[in-house]
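Undergrad: Take a look at the following structure, please.
The values are calculated or read from the model by the stated rules, or taken from the named source; none is laboratory data. Keep in mind it's a predicted model, so treat the numbers as computed, not measured. Counting neighbours? That spans all protein chains shown, and the Cβs are built from the backbone with ideal geometry, glycine included. Protein only, heavy atoms only, side chains kept; ligands, DNA and RNA dropped before computing areas. Shrake-Rupley method; radii C 1.70, N 1.55, O 1.52, S 1.80 Å.
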Amino acid sequence: MANLAPYAIDSHNSRGRRYREAPPVGRSEFQRDRDRIIHSTAFRRLEYKTQVFVNHEGDLFRTRLTHSLEVAQIARSIARSLALNEDLVEAIALAHDLGHTPFGHAGQDALHHCMKPYGGFEHNLQSLRVVDLLEQRYAAFDGLNLSFETREGILKHCSVKNARLLGDVGERFVKRRRASLEAQLANLADEIAYNNHDVDDGLRSGLLSMEQLGQVGIFADHMKQVLREYPKIENRRLVHETVRRMISTLVVDLTRQTSKNIKAHDPQSITAIHSAPALVAFSPDMNRQQQLLKQFLRINLYQHHQVARMTNKARRIVTDLFDAFAAEPRLLPPQYRDLAQASATRTVADYIAGMTDRYAIREHKRLFAVDEI
Ligand code: MG
């Protein structure tokens, strides 16, 4: 890759894959990771999984697939400006949500609750489990056999207890080392993407209003700017113009502040990044604004009574499915039944986590409605 900074991850120095493979021809190791992620089953399922809204609520809302594409786009732009490894950042961004359950946070919370006595459920760990184990498409190994750096980047956070069970990829949590700049960047690109698209989806759904958002500094500033330039602009365009300017402001701020941090810290190698503070960061002012927006979304969108109704249903569906399968593993599809002999509850969690929103709803009907088969 051209123009890589000394503190960027170079694919030639990768710590490699769990199973040895011949080097790729005509593409880098991280490009190969990205390609494997895009061709995986879990990646295609992201199309029918949602974060805030349930998949059938509307065709225009973000799904985890379009969310992941937006994260990758934002992360790649910034990576290029900072001379970080764009391929690695793209692979991490595209894979970061692979372990998510159906029904977004509600599904994850419900599954975690069910799994509490058996080690819990955490979507980050699950994303790693998907790429390390659950994808079954290669003759020589389970999982996608991704590079160490992509796997490490996918594992955004992890308890020390769990990290010890993960071997090399959990090492940095045990030794309290900082993630690569590429991993740090994918993480903040995720924030930029969801804060902004949740504003857009929130307005589109009618759960949020322009008046409410007018109270949030970062939104209000950008909206005023658009209205000054285009006083007669129609509402939908006003939303798009405002959101796109917010994304751009956040991207520019993150790039500038990170450049500044890198200059001040002057890391000469990857090793220097491990012991440095988090260098990928917003400026203090932008960070405050981001936090206010996040807080606004939590109170007004994620806790909106209409969202809460769906969240409640989602929780019941996931809990019912878990209880039924855990009590009677014979109800699992055959390919899961064999795995269930080793650990029934973990296999049930894998099966449920892999479901799309609509599949979970259908499976719930098949199990519980007597007139369904
Ligand atoms: Mg995400």
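Undergrad: How high is the relative contact order of segment 184-262, in percent, counting Cα pairs under 8 Å that sit 6 or more residues apart?
TA: The normalised contact order for segment 184-262 reaches 33 percent.
Undergrad: Something else: To the nearest 10 square angstrom, what accessible area does VAL160 show with a 1.4 Å probe?
TA: 40 Å²
Undergrad: What is the calculated FRET efficiency for SER259 to TYR230, with r their C-beta to C-beta distance and R₀ = 25 Å, to the nearest 0.05?
TA: For SER259 and TYR230, the calculated efficiency is 0.20.
Undergrad: Can you give me the % of accessible surface on segment 159-277 that is carbon or sulfur? Probe 1.4 Å, all protein chains present, nothing else counted. Don't jump to the answer; show the numbers that get you there.
TA: Details: 3000 of 5970 Å².
Here it works out to 50 percent.
Undergrad: Which of rounded, prolate or oblate describes segment 270-309 when judged by the alpha-carbon gyration tensor and an a/c cut-off of 1.5?
TA: oblate
Undergrad: Per-residue ellipticity at 222 nm for the chain, helices alone: DSSP H runs ≥ 4 residues times -39500 (n - 2.57), over residue total, nearest 500 deg cm²/dmol?
TA: The per-residue figure over the chain is -18500 deg cm²/dmol.
Undergrad: By the gyration tensor of its Cα atoms, with a ≥ b ≥ c the square roots of the eigenvalues, what is the shape of segment 70-156: rounded for a/c under 1.5, prolate for a/b over b/c, or oblate?
TA: Values: a/c = 2.59, a/b = 1.47, b/c = 1.77.
Oblate shape, in that a/c is at least 1.5 and b/c is the bigger or equal ratio.
Undergrad: Could you tell me the calculated FRET efficiency between ARG346 and VAL370, based on Cβ-Cβ distance and R0 = 30 angstrom, to the nearest 0.05?
TA: So, using R0 = 30 Å, E works out to roughly 0.50.
Undergrad: Send over a whole-number figure in Å² for the accessible area per residue of the chain, probe 1.4 Å.
TA: 49 Å²
Undergrad: How are the alpha carbon pair distances in segment 289-348 distributed across 10 Å bins from zero to the largest one, expressed in percent?
TA: Spelled out bin by bin, segment 289-348 gives 21, 28, 19, 21, 10, 0 percent.
Undergrad: If Rh is defined by the Kirkwood formula over all Cα pairs and Rg also comes from Cα, what ratio Rg/Rh do you get for segment 137-225?
TA: Ratio of gyration radius to Kirkwood radius: 1.19.
Undergrad: Now for a separate question. Where Rh denotes the Kirkwood radius from the mean inverse Cα pair distance, what is Rg over Rh for segment 214-373?
TA: Radius of gyration relative to Kirkwood radius: 1.17.
Undergrad: I would also like to ask the following. Rounded to two decimals, what is Rg over Rh for segment 28-308 when you use alpha-carbon atoms and the Kirkwood radius?
TA: So for segment 28-308, dividing Rg by the Kirkwood Rh gives 0.97.
Undergrad: Let me ask another. Can you list, largest first and rounded to whole Å, the semi-axes you get for segment 193-271 by taking the square root of 5 times each eigenvalue of its Cα gyration tensor?
TA: Those come to 32, 14, 10 Å.
Undergrad: For segment 26-114, place one equal point scatterer on every Cα, skip the solvent, and apply the Debye formula. What is log10 of I(q)/I(0) at q = 0.21 Å⁻¹?
TA: Here log10 of I(q) over I(0) equals -0.98.
Undergrad: What figure in square angstrom, to the nearest 10, would you give for the accessible area of TYR48 with a 1.4 Å probe?
TA: Using a 1.4 Å probe on the heavy atoms, I get roughly 70 Å².
Undergrad: Something else now. When the Cα centres of segment 62-103 and segment 259-338 are compared, how far apart do they sit, in Å?
TA: 14 Å
Undergrad: So what are the ³J(HN,Hα) numbers for segment 70-76, from phi and the Karplus equation (6.51, -1.76, 1.60; θ = phi - 60°), rounded to whole Hz, Gly and Pro as x?
TA: Karplus values, whole Hz, x for Gly and Pro: 5, 4, 4, 4, 5, 5, 5.
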